[in-house]
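The values are calculated or read from the model by the stated rules, or taken from the named source; none is laboratory data. The structure presented is a predicted model; accordingly, all values stated were derived computationally and were not measured. Every residue, glycine as well, gets a Cβ built from its backbone with ideal geometry; the counts of neighbours run over all protein chains shown. Only protein heavy atoms, including side chains, enter the accessible area calculation; ligands, DNA and RNA are left aside. Shrake-Rupley method; radii C 1.70, N 1.55, O 1.52, S 1.80 Å.
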Amino acid sequence: MNNSFYKDSIVLLEAAIDNMTSKLNIIRKYKQSNNEKDPIEYVLSRIKSEDSMKEKLKRKNLEVTLDNALTKIYDAAGMRIICAYIDDVYSIVHMLKKYKDLKVINEKDYIKNPKPNGYRSYHIIFELTLDLAGDEKKVFVEIQIRTIAMDFWSNLEHQMKYKKSIKNQEFIIQELRRCADEIATTDINMQTIKNMIYSEEEI
Ligand code: 0O2
């Protein structure tokens, strides 16, 4: 990655992702040690590319500076957590909020309140306090948590946004909305079936 825009702050962003990855691994191990299912299927992380960050600063009418990128935009460091079931999403949010070095800055539940286009995901922005060899630094991290099915939908919808000319766009938007609703129903049904399987095991 071209680090010229982030300069030395790239170390801070990388440390933030390493720290959050470690927190997620601890959550996974803690759950498994309590004979609970691992709530995470996989995790993706990225530092927002220089071009994407500059575009976002301009879109928000902010001056393109490193300071604005780190203090006015919250997703220079971003992570996506993919789960099998909806309950796993809420379980991870609950566990992450227990960490004392994480402060919730903003939280959006697009699962309970989907976007009009059908987008579903749980977004949470944390301010993480990092101890960099005795030097205390604060850094924002955006976490998106969603099910495999929501992620599948979101990736396709994202591709549509970046494609310049698409035929039948209205129809595609309508079909995506229909698929989002079907996926939401399937996610709920899968959760219900899973709960039934496990409740029978406990009897
Ligand atoms: P990119 O390139 O994916 O990183 P914000 O723009 O973050 O300051 P906003 O829009 O209120 O403010 O934040 P929100 O709603 O939490 O969305 C932030 C990110 O969620 C987006 O980042 C997308 O990654 C994702 N997202 C939000 N809405 C949609 C949607 O309708 N479809 C898809 N596929 N993804 C969505 P960026 O920076 O906009 O883009």
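Tabulated data
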{"read-out": "Selected from Ile148, Ile172, Ile105 as most flexible by GNM, with the chain as the system and alpha-carbon contacts under 10 Å", "value": "Ile172"}
{"read-out": "For segment 146-203, accessible area per residue (1.4 Å probe, heavy atoms of protein chains only), Å²", "value": "79"}
{"read-out": "Highest average packing first - 18-29, 131-142, 84-95, Cβ atoms within 10 Å", "value": "84-95, 18-29, 131-142"}
{"read-out": "Proximal aspartates and glutamates relative to Lys108, as straight alpha-carbon distance under 12 Å, when same-chain residues fewer than 8 apart are discounted", "value": "Glu142"}
{"read-out": "Virtual spin-label span in nm between Asn117 and Lys97, 7 Å along Cα→Cβ", "value": "2.8"}
{"read-out": "Inter-centroid distance (Cα atoms) of segment 6-22 relative to segment 144-158, Å", "value": "25"}
{"read-out": "For Leu128, net neighbour charge (Lys/Arg +1, Asp/Glu -1) across residues whose Cβ lies under 12 Å away", "value": "-1"}
{"read-out": "Percent of beta bridges antiparallel (DSSP, the chain, rounded to nearest 5)", "value": "75"}
{"read-out": "Hz values of 3J(HN,Hα) by residue in segment 138-155 - Karplus curve (6.51, -1.76, 1.60), Gly and Pro given as x", "value": "10, 8, 8, 9, 9, 10, 10, 10, 7, 7, 4, 5, 4, 5, 4, 5, 4, 5"}
{"read-out": "Separation of the Asp131 and Glu14 label points, Cα + 7 Å toward Cβ, nm", "value": "2.2"}
{"read-out": "Pairs from Lys103/Lys161; Lys29/Lys97; Lys7/Lys161; Lys31/Lys100; Lys48/Lys115 whose Cα-Cα separation, in the structure shown, is over 25 Å", "value": "Lys103/Lys161; Lys7/Lys161"}
{"read-out": "Residues Arg178 and Asp87, FRET efficiency given R0 of 30 Å [Cβ-Cβ distance, rounded to 0.05]", "value": "0.75"}
{"read-out": "Whole-percent carbon and sulfur share, accessible surface of segment 153-203, 1.4 Å", "value": "57"}
{"read-out": "Inter-site label distance for Phe152 and Leu44 at 7 Å from Cα along Cβ, in nm", "value": "1.5"}
{"read-out": "Relative contact order computed over the chain (Cα-Cα under 8 Å; 6+ residues apart), in percent", "value": "19"}
{"read-out": "In sequence order, calculated HN-Hα J values of segment 190-199 (Karplus, 6.51, -1.76, 1.60; Hz; x Gly/Pro)", "value": "5, 4, 5, 4, 4, 4, 5, 4, 6, 5"}
{"read-out": "Cα gyration tensor shape of segment 49-203, rounded if a/c is under 1.5, else prolate or oblate by comparing a/b with b/c", "value": "oblate"}
{"read-out": "Karplus-derived HN-Hα couplings along segment 70-81 (A = 6.51, B = -1.76, C = 1.60, θ = phi - 60°), whole Hz, x at Gly and Pro", "value": "8, 10, 10, 10, 9, 10, 4, 10, x, 9, 10, 10"}
{"read-out": "Contact order relative to length of segment 72-140, as percent, for alpha carbon pairs under 8 angstrom and 6 or more apart", "value": "27"}
{"read-out": "MRE, 222 nm, helices only [DSSP H, n ≥ 4, -39500 (n - 2.57), over the chain, to nearest 500]", "value": "-16500 deg cm²/dmol"}
